[in-house]
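Only one structure is covered here, and it is reproduced in the block below.
The values are calculated or read from the model by the stated rules, or taken from the named source; none is laboratory data. Since the model is a prediction, treat every value here as computed from it, not as a measurement. Backbone-built Cβ (ideal geometry, glycine too); neighbour counts: all protein chains shown. Ligands, DNA and RNA are stripped out before the accessible areas are found, and what is left, the full protein with its side chains, is counted by its heavy atoms. Shrake-Rupley method; radii C 1.70, N 1.55, O 1.52, S 1.80 Å.
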Amino acid sequence: MPDEIGNLHSLTELYIDGSTTLSENISGCRMLQSITIEDLYGTIPAELTACSELTYISINGVNAYGEIPADIGNLAKLRVLDISNTGISGSIPASLGNCTELQILWLNNNYLSGSIPSELAGCTKLKVIRLHHNSLSGEIPEAIGQMPALKRLSVYDNQLSGAIPQSLQDNASLWKYCWGYIIPYNDFDPESFEVPDWDFVVQDINGNSINSETVYAEHEYTVMLASRISDLEGVVDEFSALYDEYGGRLEIIGYSTENDAQALSQFATAYSIPFPLVAVSNDNPIIVVDETVGNWNYDLYYPSPYYASIVVVDKSGNVVYYDWHILSYAIDNLKVFLQSETGTLYESTDFSQDGTYVTLQSATVGNGIDVVLMGDAYSDRLIADGTYRSVMENTMEQFFSEEPYKSFREYFNVYMVNVVSPNEVYGTGSRTALSTWFGDGTSVGGDDQTVFSYALNAISEDRMDEALIVVMMNRDYYAGTCWMYYPGSGDYGNGVSVAYFPTSSDETTFRGLILHEAGGHGFAKLADEYAYEEYGQVPSDEITNCQNLWDFGWYPNIDFTSDPALVNWSEFIADARYKYDGLGVFEGGYTYWTGVWRPTENSIMRYNEGGFNAPSREAIYTRINKLAFGESWQYDYEDFVAYDAVNRRSEPATAPSSVLQRHEPTAPPVIVRKTWREALESSGQPEAHLKSR
């Protein structure tokens, strides 16, 4: 935006649909009443708060950064403030409480931290507060629940904790419709609140009336299943089987918010769905939308903002369980809940094998490189019947199925540590020894400190810094995350890593997960080579983070220059022996679409298939030999090339006869900025650096 904007003293409305910066001279627009910027690039200048006539501000854009101006409370006439879906960080200014005319406050989908200021209660005309998808912490102020005009409060997906204010629960018209926009993905005390009753009368797709009061009374439990048709497709058989298993004790009411009764009816017929389905609309609502706030489509997702959710109601109409995970995970949670309630959840009783270990393989060359395998959600009976060992042995074989690990297998020690979990399933109410969890998308993790304590049964403390730990999660699912700890020393990829991923019934998928998470990230400290267009250009601070990691020998397979003569793998590009290996400079990697380059179009570090490319093989080769023979071993390029003859192509690649299966990229690795010893000594969870979303 040109600086001359400040000369437009009589300008009352500003609308920009496209990438722009906001000039500091905006303060000259004294008569400005409305400002809309669809894609802000840069910061919101403090001078904006001098435009005292402003009643409407709408700013978004992922390239926006900085903080909300602290003096935004000077805008006494402001009625709508929408700063959402941006890169804005910092805290919510307490001065907003001075905006007594404010009716709509949208600050969702940002990087805001700190607490929710109690001063917001001064905005007595405020009807809607949306603060979800941030990093806010602390408690919800008691005064928020006492705001006289408030109709909608959305704070899910933050780091809020403590008790839900009683004032909020006493505000029946607010709590009844917004509890599902407050509780999910926070850490509130479950003893501090009661979920309100849920009553409705709707028609299913066959025209039958469903009265919630009658349905609840006739069944031990009623499962309210909200979903889009596309989300239900992959799990409908499991829900139908659950419905049949519990017979008349369980009712399931599936409801779709897509307002397409015909499509829902066709879906029910195609899958022979035995339970009633409801096409929710404004004429057939699960919740009556409050017209004073506006007819918001997402209200139709009641009781949560997510496309998929599960709420369980007992015979008395009390909500006794709820879950907002994706349905493929939520169905597991639901099964655990029902098993716990009916006393059929399996419980381990024999913990005699817990912590014992077996040497699956001993190194015959060099000092021995340690790989420690263990599993979570495996009960005593799954260890006793050989299931656990079979999974660990298969994991080992898949790890050594790809070069360079295949050629250097004899350099490795592989240990299996028995970990006995109380339960053998995942879900709310079940207990596992390593507290592994499934997060958003493909993100997984666990209690690293407990993992380290189990690993120390097999290896000594002095060998932990260079070890790779692999944790298999007992669930047929696609996910994976590697947690990488800073090394005490070394420039060849040192630092212990814990690679978490579930088992998979698809061997190709399973192999790809092992090689990507354990072989790529965990052992060799390789970077992801996939990219997301919506992430745009790599930020300067991420470039700095990565370049600092190069000092450890981490992330050698990406660079921030497109010059073939300067990239980390320039020697391979210039080497005629690699002319058929598809090496070059390909933009996109490290999750970012532009500003970062990778060595090949595809590799295991991009789509979990296709093998490791030459720079990645070099990193694996170097670390293997350094660990096997100590600091005296010196890397020689020609020695590597001689080994790598087994991998190099001798002629141009031909198009494959069939398209390779390209899996969804797994979650980026988590870099823990301390050693494993420091993590064990510190209280609470390790301090981690999570890549920007």
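Structure values in brief
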quantity: Filter pass, VAL336 being among the hydrophobic types (A, V, I, L, M, F, W, C), open to solvent by 50 Å² or more (accessible area, probe 1.4 Å) and either in contact with an Asp or Glu (Cβ under 7 Å, 6 or more places away or on another chain) or under 30 Å from SER304 (Cβ atoms) (or both); calculated: no
quantity: Residue in segment 17-25 that is acidic (Asp, Glu) and open to solvent by less than 60 Å² (accessible area, probe 1.4 Å) present; calculated: no
quantity: Subset tally (residues that are in a loop (DSSP other than H, G, I, E, B) and over 16 Å from THR666 (Cβ atoms)) for segment 526-556; calculated: 8
quantity: Filtered residues of segment 358-380 (kept if touching a helix residue (DSSP H, G or I) at 6+ places or on another chain (Cβ under 9 Å), over 19 Å from PRO502 (Cα atoms) and not small (Gly, Ala, Ser)); calculated: VAL358, LEU360, GLN361, THR364, VAL365, ASN367, ILE369, ASP370
quantity: Segment 27-55, residues that are touching a strand residue (DSSP E or B) at 6+ places or on another chain (Cβ under 8 Å) and more than 16 Å from CYS99 (Cα to Cα); calculated: CYS29, LEU32, ILE35, THR36, ILE37, GLU38, ASP39, LEU40, TYR41, GLY42, THR43, ILE44
quantity: Test for PRO422: is it over 29 Å from the mean Cα position of the chain (by Cα), in a loop (DSSP other than H, G, I, E, B), crowded, with 16+ Cβ neighbours inside 10 Å and in contact (Cβ under 8 Å) with a residue 60 or more places away in the chain; calculated: no
quantity: Meets criteria (farther than 17 Å from TYR637 by Cβ, touching a residue at least 24 places away in the same chain (Cβ under 8 Å) and among the small types (Gly, Ala, Ser)) for GLY584; calculated: no
quantity: Those residues of segment 415-441 which are among the β-branched types (Val, Ile, Thr) and either touching a Leu at 6+ places or on another chain (Cβ under 7 Å) or over 13 Å from ASN474 (Cβ atoms) (or both), in sequence order; calculated: VAL417, VAL419, THR428
quantity: Selection within segment 460-514 - open to solvent by less than 10 Å² (accessible area, probe 1.4 Å) and under 18 Å from the mean Cα position of the chain (by Cα); calculated: MET473, ALA479, GLY480, THR481, CYS482, MET484, VAL498, ALA499, TYR500, PHE501, PRO502, LEU513
quantity: Hits in segment 178-222 (condition: touching a Leu at 6+ places or on another chain (Cβ under 8 Å) and among the aliphatic types (A, V, I, L, M)); calculated: ILE182, ILE205
quantity: Given (1) surrounded by fewer than 22 Cβ atoms within 10 Å (Cβ to Cβ); (2) over 22 Å from GLN146 (Cα atoms), index of the condition CYS29 fails; calculated: (1)
quantity: Residue count for segment 350-402, restricted to those that are within 23 Å of ASP448 (Cα to Cα), hydroxyl-bearing (Ser, Thr, Tyr) and either touching a Lys or Arg at 6+ places or on another chain (Cβ under 8 Å) or part of a strand (DSSP E or B) (or both); calculated: 2
quantity: All helices (runs of 4 or more DSSP H) inside segment 603-693 with 1 or more residues being at pLDDT below 95; calculated: 604-607, 676-681
quantity: Single unsatisfied condition, SER135 versus (1) surrounded by fewer than 17 Cβ atoms within 10 Å (Cβ to Cβ); (2) farther than 18 Å from ASP82 by Cα; calculated: (2)
quantity: Residue in segment 462-481 that is assigned to a helix (DSSP H, G or I), out of contact with any strand residue (DSSP E or B) (no Cβ under 6 Å at 6 or more places or on another chain) and touching a residue at least 24 places away in the same chain (Cβ under 8 Å) present; calculated: yes
quantity: Subset of segment 93-107 (residues that are open to solvent by 10 Å² or more (accessible area, probe 1.4 Å) and either assigned to a strand (DSSP E or B) or touching a residue at least 40 places away in the same chain (Cβ under 8 Å) (or both)); calculated: GLU101, GLN103, ILE104, TRP106
quantity: Restricting segment 566-606 to residues that are of a type in the set (A, V, I, L, M) and touching a Ser or Thr at 6+ places or on another chain (Cβ under 9 Å), the residue that is surrounded by the fewest Cβ atoms within 10 Å (Cβ to Cβ); calculated: VAL585
quantity: Some residue of segment 138-156 being farther than 27 Å from PHE200 by Cα, in a loop (DSSP other than H, G, I, E, B) and touching a strand residue (DSSP E or B) at 6+ places or on another chain (Cβ under 7 Å); calculated: yes
quantity: Per-region count, segment 111-137, residues part of a strand (DSSP E or B), hydroxyl-bearing (Ser, Thr, Tyr) and more than 21 Å from the chain's Cα centre (by Cα); calculated: 0
quantity: Strands (runs of 3 or more DSSP E) completely within segment 172-289 that count 3 or more residues being open to solvent by less than 60 Å² (accessible area, probe 1.4 Å) and either within 17 Å of TYR306 (Cβ to Cβ) or in contact (Cβ under 8 Å) with a residue 24 or more places away in the chain (or both); calculated: 221-226, 250-256, 277-279
quantity: Hey, GLN339 at pLDDT 90 or above and either within 30 Å of SER453 (Cβ to Cβ) or in contact with a Gly (Cβ under 8 Å, 6 or more places away or on another chain) (or both) or not; calculated: no
quantity: Selection from segment 341-372 of residues that are open to solvent by 70 Å² or more (accessible area, probe 1.4 Å), in contact with a strand residue (DSSP E or B) (Cβ under 6 Å, 6 or more places away or on another chain) and among the small types (Gly, Ala, Ser); calculated: SER362
quantity: Residue list for segment 50-75, restricted to those being over 33 Å from the mean Cα position of the chain (by Cα) and surrounded by 22 or more Cβ atoms within 10 Å (Cβ to Cβ); calculated: CYS51, LEU54, LEU75
